[in-house]
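Chemist: Pasting a structure below so you can have a look.
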Amino acid sequence: GDAMAAAVRDVEIDPDGTFKYILVRLQRPGGGEQRDIVRGTKAAEFHNHIFEKVNPEMEKLGYECKCLGGGKIDHNSKDKKIRVFGLSTGYGKADHSVTVEILKKVYTDYEITWSDDKK
């Protein structure tokens with residue numbers, strides 16, 4: 001990838017707690033390079049709040065954004081565990097298995113699991 005792509009982190013999530021997350025596909029206009037990123041924060045009351053923040057940032061870098069769905073992340077940094085679950089009412093359920101693979105790239109020494117449970 002190029003320097004712009006390098007500026008985009010695969011994962012930006014809160015260091016602890018349970019919060020909403022979305023899986024976002026970035027694509028170069030014209031069907032070029034694409035990649036998926038994970039974004040989640042307690043500051044977001046709704047999943048679309050996360051997307052509304054990410055989308056303009058990525059457009060500035062020359063990416064088109066599409067939300068592939070959402071869910072929740074339970075992040076326990078003390079025990080080095082992340083659990084991915086739930087869904088987004090607005091965007092539908094993200095493919096949590098994809099989310100887990102992305103999280104594993106960053107949190108290499110964590111135990112990371114997912115389920116389709118709502119809670």
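The values are calculated or read from the model by the stated rules, or taken from the named source; none is laboratory data. Because the structure is predicted, anything quoted here is derived from the model rather than measured. Cβ sites come from the backbone with ideal geometry, for glycine too, and all protein chains shown count toward neighbours. The area values use the complete protein model at the heavy-atom level, side chains included, leaving out ligands, DNA and RNA. Shrake-Rupley method; radii C 1.70, N 1.55, O 1.52, S 1.80 Å.
Chemist: When the helix-only estimate is applied to the chain (DSSP H runs of n ≥ 4, each -39,500 (n - 2.57), divided by the residue count), what is the mean residue ellipticity at 222 nm, nearest 500 deg cm²/dmol?
Modeler: -7000 deg cm²/dmol
Chemist: Under a 5 Å amide H to amide H cut-off, with H placed in plane at 1.01 Å, what residues pair with Ile13 once short-range neighbours are removed?
Modeler: HN-HN under 5 Å from Ile13: Gly40.
Chemist: I would also like to ask the following. Dipole magnitude of the stretch 14-119 about its Cα centre, charges +1 at Lys/Arg Cβ and -1 at Asp/Glu Cβ only, in debye to the nearest 20?
Modeler: 60 debye
Chemist: Would you work out what percent of the accessible area of the stretch 11-115, with all protein chains in place, is carbon or sulfur (probe 1.4 Å)?
Modeler: 50 percent
Chemist: A follow-up question, please. If you filter the stretch 37-72 for GluC sites (Glu not before Pro), then keep DSSP loop positions with at most 15 other Cβ within 10 Å, what is left?
Modeler: Values: sites: Glu45, Glu52, Glu57, Glu59, Glu64; in loops: Glu45.
Those satisfying the criteria are Glu45.
Chemist: How high is the relative contact order of the chain? Use alpha-carbon pairs under 8 Å, at least six apart in sequence, and give a whole percent.
Modeler: Here the relative contact order equals 26 percent.
Chemist: Could you do me a favour and compute the accessible area per residue for the stretch 18-119, 1.4 Å probe, result in Å²?
Modeler: Using a 1.4 Å probe on heavy atoms only, each residue of the stretch 18-119 averages 54 Å².
Chemist: Which of the three applies to the chain, rounded, prolate or oblate, going by the alpha-carbon gyration tensor with a ≥ b ≥ c and a/c under 1.5 meaning rounded?
Modeler: Judged from the Cα gyration tensor, the chain comes out prolate (a/c at least 1.5, a/b above b/c).
Chemist: Could you calculate the contour length gain from Asp117 to Lys60, that is, 0.36 nm times the residue separation minus the distance between their Cα atoms, to one decimal place in nm?
Modeler: Using 0.36 nm per residue and subtracting the Cα-Cα distance, I get 16.9 nm.
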